[in-house]
Amino acid sequence: MTDMAALLDSVLGPLAAALLTLMVLSYLLGDNPLFRIAAYLFIGVASGYAGVVMIRSVLWPGLIDPVLQAGVSGLLDPELITSVLLPGILVVLLLLKLSPGSARLGSLPLALLLGVAAAVVVGGAITGTLLPQTAAAVQTLDPTAVAPRTGEAGLERLANVIIVLAGTLLTLGSFRFTQRKPAGLSGAESMGTWQRGVRTLAGLFIAVTFGVMFGGALMAAIVVLAQRLQFLWGAVLGVTGQILG
Amino acid sequence: MAEGVHPGEVPDWLAAIRAEGEPVAPPPPSSDWLSQLREADDSSQTGPPAGEPPSWVQGAGLADAAGEGEQVPDWLARVRERQAEEAEATGGEMPLGVPNLPEPAGSQPHESDSRPLPPLELPGLDETDSGVFYPPGSPKAGHPVTGVREPGVTDSGAFHPGSGVDLGAPAAGPTPSWLGQLEAEGAQPPPSLGAMPHIPALVKDADLTGPQLPGDDFSAEALSLPEWLGQLGSEAATGEPVEGRPDLAPATLPAWLEAMRPVDAFRSSVEIGPEEEQAVEAAGPLAGLRGVLLAEPVVAIPRMASSGPAHLESNERQYAQAELMHRLVEEEQREVSPPAPRSRRVPIVRWLAAGILLAAAALPTVLGVPVFPLPPTVPLELDPLVNLIAAAPANRPALVVFDFEPGHAGEMQAVAEPMLEQMMQQGLAIAALSTLPAGALLADQQLTALGANYGYSSGQGYVNLGYLPGGSTGIQLWSQDPLAVPVSGYALPSAPDGTPLSSPWQVPMLAGVDEAADFGMVVVISSSAETARGWVEQTGPWLGATPLVLVMTTGADPVLRPYYEAQNPQVDGMLSGLPTALSYSMRLGRPGSAFGLWNAFGLTAWTAVVFMLLGWVPAFGAWVNQQRKLRGSQR
């Protein structure tokens with residue numbers, strides 16, 4: 001590592017990162033140019049870096065490099081046509097989306113992208129989440145069974161299974177998409193007593209779930225804040241040491 | 001038909017003329033229907049007094065021609081002469097319009113003059129209830145002919161003499177020659193009538209706009225108008241100035257009057273065309289005359305009022321709207337001074353809360369004082385995870401996916417650090433991968449920093465496969481056939497001969513990997529629950545016995561935990577949150593980043609909890625007051 005690289009890693013890099021961190025934290029004082037500069041810089045650097053990564057990791061090895069290695073005569077190779085030429089045509093068609101006049105030609109690769117992605121996501125959700133989680137919700141109420149991960153057994157496991165089952169059923173029952181609301185009545189007025197009870201209990205489960213998720217997000221933010229302040233303190237110590245030393 | 005004259009009645013002025021006892025020309029031989037027509041014409045009608053011309057004759061400037069009882073006026077003499085000539089020419093048949101002429105003075109009134117004229121039954125014409133007549137042989141007799149009504153036929157079906165109607169041929173008897181000529185000429189409508197739809201003057205019926213019926217030729221030639229009537233028409237057509245009048249152009253206004261007239265109220269000059277080009281009136285008492293003032297300007301064409309109302313009539317609402325409009329206009333014209341700069345309110349509460357939080361996060365780090373004790377309990381999922389990594393095969397690399405953004409690196413790197421250290425302690429080969437463009441960089445940063453302590457470097461202990469494009473599709477494709485996915489790698493090592501490697505699969509540590517199940521384990525470090533779930537869903541069917549471990553942020557734990565605690569778990573190990581990572585570090589006996597963050601994390605979390613409680617107390621008080629007011633209003 002050269003001296004310049006060492007200086008960049010030990011001094012300039014942490015100093016720039018510390019300044020950018022302070023510029024972002026200046027939003028506590030309100031919207032100001034320092035925060036905007038940091039935000040614009042972050043967006044620009046992230047976009048530029050993503051573009052470079054796409055070109056280096058995707059376009060070059062998958063589209064350009066095979067053509068350069070095969071040459072013009074190699075373009076007639078059937079394998080190259082299916083693996084390089086057709087994707088290249090789709091890429092060109094997708095680029096036509098940039099022009100309003102030729103945007104319709106870009107609908108074909110866009111439809112292909114969205115269709116394949118939707119099929120993959122929906123298929124994975126059905127086979128990987130819906131069916132396994134439905135089966136997991138219908139657990140046995142046998143008091144002698146033992147939970148495989150947590151080791152729960154007896155009444156503890158039975159209470160846990162009942163809570164999970166009740167929360168699942170009540171939450172699903174609280175979303176009444178198929179019930180018709182009588183004319184002139186509000187949503188709460190059109191419900192019966194048992195429906196109100198289901199809605200109230202389901203609301204408790206939903207509130208606890210969202211509260212846990214919010215608490216987790218808050219904990220993560222606190223960890224990040226503490227890490228940034230720790231980094232700033234380290235940067236201050238490092239720069240001070242470099243100056244004094 | 002003019003109002004005030006009943007069917008079958010002879011106007012008063014006509015009866016008076018007849019009563020003057022003028023010699024009557026010998027009646028020419030005529031058919032029966034014409035005799036009936038004459039009888040009807042001789043019915044008693046009270047006309048103007050003896051010796052006085054009718055009012056319409058006076059209006060025409062011929063009042064001097066009447067009045068001397070024994071003397072025959074000149075115009076009447078000309079009428080008689082022409083009548084006699086036409087009677088001789090037609091063999092005694094009277095042309096149309098003759099029965100309407102006044103009889104000579106001194107003639108004896110007919111006995112039937114005192115009787116009202118009964119409705120005339122027209123031979124050869126069908127009559128419907130509505131009084132519409134249909135000529136025999138018409139294509140659709142029995143159906144009313146819409147359009148121009150037959151002149152002289154009233155609504156009741158009675159015939160009114162003198163209306164100038166063409167009665168058509170009688171049902172029996174020879175057709176007069178003049179009538180045949182009229183029919184022949186009437187087959188072709190006059191050009192003046194065929195030019196445009198025409199509303200007859202002084203006719204109220206609005207239905208008189210239909211096409212002309214054959215035989216409705218009311219031109220002066222066809223009707224054989226009297227000479228005096230023709231002279232009147234010719235005088236009106238010439239438009240010569242009348243003697244004794246100022247020399248003004250006909251129908252031309254003087255300049256001063258032109259300036260006073262309302263704009264577009266009327267035309268300043270009237271162009272009167274020659275008589276041949278003027279339309280012939282088709283119906284009404286003026287039927288057969290040319291140069292008749294048209295009714296369209298009076299009836300059909302809307303005009304502007306020559307003078308506006310003296311006062312504007314408006315109600316209160318219109319007045320209010322006008323006032324509002326006036327104010328709006330005034331408001332637009334008013335100069336608005338720039339608003340005074342508002343005094344910026346200093347967000348003291350926000351600054352105070354931020355200062356306290358920053359101090360709570362910074363003070364433990366700056367002072368280095370341990371404030372909070374280490375977590376006494378160990379999460380249930382920690383021991384299975386430690387055991388799982390300890391049991392990982394050393395001859396198979398572990399795939400570690402770094403799927404978090406740089407903004408979450410502070411937490412995710414701290415949480416994943418003890419697990420990566422354990423893997424490096426065991427000497428497991430690590431293959432890094434990321435579905436995010438910045439993930440490869442973060443992976444290289446952490447692996448380089450940690451690997452320095454365990455002799456790991458790129459190609460020696462770990463290899464960075466780089467960026468995996470395609471999202472969920474790329475994950476599925478990778479799970480099915482990792483070698484088919486073009487990954488270019490990141491910071492790849494060089495070959496033993498010093499040449500750079502073009503593909504990460506050329507690194508010797510990945511030599512035995514042909515599919516996803518060939519990895520010793522798959523670890524997904526993710527800050528997003530959706531990304532982690534995508535890995536679980538897409539790689540689950542292809543991993544086989546290879547364990548899947550999730551290292552996630554605290555917020556994603558409730559969403560992903562069901563995959564771990566299910567009866568048939570899809571996830572074999574979980575690691576989430578800084579407390580679990582600290583417990584992991586304590587378990588390994590190596591204080592890592594989690595240990596350095598623990599005090600700051602604990603104090604800041606407590607501060608946040610205090611803030612939430614402080615905010616909850618007044619909110620609860622406001623809710624209690626609201627409920628109390630609501631109950632009070634309900635009572």
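The values are calculated or read from the model by the stated rules, or taken from the named source; none is laboratory data. Model, not experiment: these values are computed from the prediction. Every residue, glycine as well, gets a Cβ built from its backbone with ideal geometry; the counts of neighbours run over all protein chains shown. Heads up: the accessible areas ignore ligands, DNA and RNA and are worked out on the full protein's heavy atoms, side chains in. Shrake-Rupley method; radii C 1.70, N 1.55, O 1.52, S 1.80 Å.
In table form, for the structure just shown:
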| item | result |
| --- | --- |
| Within the range A:184-214, considering residues that are out of contact with any helix residue (DSSP H, G or I) (no Cβ under 7 Å at 6 or more places or on another chain), modelled with pLDDT of 85 or more and open to solvent by 70 Å² or more (accessible area, probe 1.4 Å), the one nearest to the other protein chains (Cβ to nearest Cβ) | A:PHE214 |
| Residues of the range A:219-245 classified as over 16 Å from B:LEU358 (Cβ atoms) and within 8 Å of another protein chain (Cβ to nearest Cβ), total | 2 |
| Filter result for B:TYR467 (within 14 Å of chain A (Cβ to nearest Cβ), at pLDDT below 90 and surrounded by 19 or more Cβ atoms within 10 Å (Cβ to Cβ)) | no |
| Count - residues of the range B:353-394 that are within 11 Å of chain A (Cβ to nearest Cβ), aliphatic (A, V, I, L, M) and in a helix (DSSP H, G or I) | 12 |
| Residue match in the range B:315-323 (condition: at pLDDT 85 or above, open to solvent by less than 100 Å² (accessible area, probe 1.4 Å) and in contact with a Ser or Thr (Cβ under 9 Å, 6 or more places away or on another chain)) | yes |
| Matching residues in the range A:96-112 - criterion: being surrounded by fewer than 14 Cβ atoms within 10 Å (Cβ to Cβ), modelled with pLDDT under 90 and part of a helix (DSSP H, G or I) | A:LEU98, A:ALA103, A:ARG104 |
| Filter pass, B:TRP598 being within 13 Å of another protein chain (Cβ to nearest Cβ), among the aromatic types (Phe, Trp, Tyr) and open to solvent by 50 Å² or more (accessible area, probe 1.4 Å) | no |
| Subset of the range B:528-541 [closer than 12 Å to B:LEU560 by Cβ and more than 8 Å from chain A (Cβ to nearest Cβ)] | B:SER528, B:ALA529, B:GLU530, B:THR531, B:ALA532, B:TRP535 |
| Hits in the range A:126-156 (condition: at the interface with another protein chain (Cβ under 8 Å from one of its Cβ atoms) and either open to solvent by 80 Å² or more (accessible area, probe 1.4 Å) or in a helix (DSSP H, G or I) (or both)) | A:THR127, A:GLY128, A:THR129, A:PRO132, A:GLN133, A:ALA135, A:ALA136 |
| Residue among A:GLY123, A:GLY106 that alone is within 11 Å of chain B (Cβ to nearest Cβ) and more than 30 Å from B:PRO379 (Cβ to Cβ) | A:GLY123 |
| Of residues in the range B:601-635 being polar (S, T, N, Q) and within 26 Å of A:ALA221 (Cα to Cα), the one surrounded by the most Cβ atoms within 10 Å (Cβ to Cβ) | B:THR604 |
| B:THR580 vs. criteria modelled with pLDDT of 90 or more, more than 9 Å from every other protein chain (Cβ to nearest Cβ), surrounded by 22 or more Cβ atoms within 10 Å (Cβ to Cβ) and in a helix (DSSP H, G or I) | yes |
| Filter pass, B:ALA452 being more than 28 Å from B:ARG561 (Cβ to Cβ) and either open to solvent by 10 Å² or more (accessible area, probe 1.4 Å) or assigned to a helix (DSSP H, G or I) (or both) | yes |
| Residue match in the range B:514-535 (condition: touching a strand residue (DSSP E or B) at 6+ places or on another chain (Cβ under 8 Å), of a type in the set (Phe, Trp, Tyr), at pLDDT 90 or above and not in a loop (DSSP other than H, G, I, E, B)) | yes |
| The listed residue being modelled with pLDDT under 90, within 26 Å of B:GLU530 (Cβ to Cβ), open to solvent by 40 Å² or more (accessible area, probe 1.4 Å) and part of a helix (DSSP H, G or I), out of A:VAL164, A:VAL116 | A:VAL164 |
| Those residues of the range A:167-181 which are hydroxyl-bearing (Ser, Thr, Tyr) and at pLDDT below 85, in sequence order | A:SER174, A:THR178 |
| Selection status of B:LEU560, at pLDDT 90 or above, part of a helix (DSSP H, G or I) and either exposed (fewer than 11 other Cβ atoms within 10 Å of the Cβ) or among the hydrophobic types (A, V, I, L, M, F, W, C) (or both) | yes |
| Candidates B:PRO397, B:PRO418, B:PRO339 - the one that is touching a Ser or Thr at 6+ places or on another chain (Cβ under 9 Å) and either more than 14 Å from chain A (Cβ to nearest Cβ) or small (Gly, Ala, Ser) (or both) | B:PRO418 |
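Each row is one residue, and each column tells you yes or no for (1) basic (Lys, Arg); (2) away from chain A (no Cβ under 14 Å); (3) open to solvent by 60 Å² or more (accessible area, probe 1.4 Å); (4) over 20 Å from B:GLY592 (Cα atoms).
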{"position": "B:ALA429", "(1), (2), (3), (4)": "no, yes, no, yes"}
{"position": "B:LEU433", "(1), (2), (3), (4)": "no, no, no, yes"}
{"position": "B:LEU436", "(1), (2), (3), (4)": "no, no, no, yes"}
{"position": "B:ALA443", "(1), (2), (3), (4)": "no, no, no, no"}
{"position": "B:GLY471", "(1), (2), (3), (4)": "no, no, no, yes"}
{"position": "B:MET521", "(1), (2), (3), (4)": "no, yes, no, yes"}
